[in-house]
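The values are calculated or read from the model by the stated rules, or taken from the named source; none is laboratory data. These numbers come from a predicted model, not from an experiment. Here the Cβ is made from the backbone with ideal geometry for all residues, glycine too, and neighbour counts use every protein chain on show.
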Number of protein chains: 2
Amino acid sequence: MKIEQFVAQSEGNWRSMRSGHSLAFRQFEQVLSEIKIKCLKLDNPEVTELIKFNQSLKYKPVSPFRIAWEADSDWEPEDPSQIKSGSCILIPFPITSNKGIIIRSSGYIEAVKSSSTYSFLSDNTFILRTKYQHSISEERIWFISKNVRCRSSVVYTSEGTGILQTSFASEVRHLSNNA
Amino acid sequence: MKIEQFVAQSEGNWRSMRSGHSLAFRQFEQVLSEIKIKCLKLDNPEVTELIKFNQSLKYKPVSPFRIAWEADSDWEPEDPSQIKSGSCILIPFPITSNKGIIIRSSGYIEAVKSSSTYSFLSDNTFILRTKYQHSISEERIWFISKNVRCRSSVVYTSEGTGILQTSFASEVRHLSNNA
């Protein structure tokens, strides 16, 4: 699958149910949230600025998009990765038709600009790997119907040996006027 | 990946954290459980009996195993698929090196003997599809380290159109004397 198709399929407003598993403590977290994914133009000023900061990339950017999220839960963690709302811009740079690099205006896990590698499995499951300063995350997203997708993530320690957390989200697209 | 390797990797005792998402009601369920996976011999009487009930299968059985599970939770649903403990025997019949059929002494979703098809994705994620009388389930299992695996499932209506439930389990292998 091409990243352009994947981004186009993902555009819209999604109601997310997300469960987090802290493996060491056997603790569950659950978060209801709203996620908005919107395609952007390559000449959008925020897009061109983010590209300017990554001039060393020799590949051609395609299908930039914005993700905005807002948690419904009353859960207020100290961890800045778990903030209740936010948004970031992502820009894919395909290397081949089924893998490439994605740059992001701010990461989910640690709030810094980050770059990730992506690839697609044989059934079009999207895999995104991001190296942060203190952790590595692997996210996988797969559509189980046109309007329902699953998203799992694993956060490893930066050495890649320990597993800090896993999570799983079920995301259902809904129609709304404020897309 | 071959099913024989996958079964061998899965043998052991696992502590499971499982989250269920009822999409229509936006309800979460969470279950702590203990799962034991044990390889069996092909001449085990329960294995030979299950094979006898499936004589129409023209493939050669390999790596039979038993899964036993016991929930730690105090959650007592009426749905018989969600019983607190149980066990079943599974027998793979490879068709090619990365796909085949699995027969099972009793299914998870509806408590009847069932047969499933399995396959492996390009990263060795194991996919198991089972058609029950009233539903279809798709389960995927992938190892995120030697001793941690993730298991997601989706339950569709038998027409394959509606999605009844998704779930996700994080399973951590532990050592114990009663393997």
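Okay, here's what the table says:
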quantity	calculated
Scope region A:1-56; condition part of a strand (DSSP E or B) and of a type in the set (Val, Ile, Thr); matching residues	A:VAL31, A:ILE35, A:ILE37
Filtered residues of region B:119-131 (kept if of a type in the set (A, V, I, L, M) and more than 8 Å from chain A (Cβ to nearest Cβ))	B:LEU128
Members of region A:132-142 found to be crowded, with 17+ Cβ neighbours inside 10 Å and more than 9 Å from chain B (Cβ to nearest Cβ), listed by number	A:TYR132, A:SER135, A:ILE136, A:SER137, A:GLU139, A:ILE141
Any hit, region B:163-176, residues being free of Cβ contacts under 8 Å to residues at least 12 places away in the same chain, more than 16 Å from the chain's Cα centre (by Cα) and over 20 Å from B:ILE102 (Cβ atoms)	no
Hits in region B:143-168 - residues which are outside any strand (DSSP E or B) and either charged (D, E, K, R) or facing another protein chain (nearest Cβ under 7 Å) (or both)	B:LYS146, B:GLU159
A:GLY20 of a type outside the set (D, E, K, R), at pLDDT 95 or above and within 15 Å of the chain's Cα centre (by Cα)	no
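Yes or no, residue by residue, for (1) surrounded by fewer than 13 Cβ atoms within 10 Å (Cβ to Cβ); (2) under 24 Å from A:GLU29 (Cβ atoms); (3) touching a Lys or Arg at 6+ places or on another chain (Cβ under 9 Å); (4) more than 14 Å from chain A (Cβ to nearest Cβ):
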site: B:TRP14; (1), (2), (3), (4): no, yes, yes, no
site: B:ARG26; (1), (2), (3), (4): no, yes, yes, no
site: B:LYS38; (1), (2), (3), (4): no, no, yes, yes
site: B:SER56; (1), (2), (3), (4): yes, no, no, yes
site: B:VAL62; (1), (2), (3), (4): no, no, yes, yes
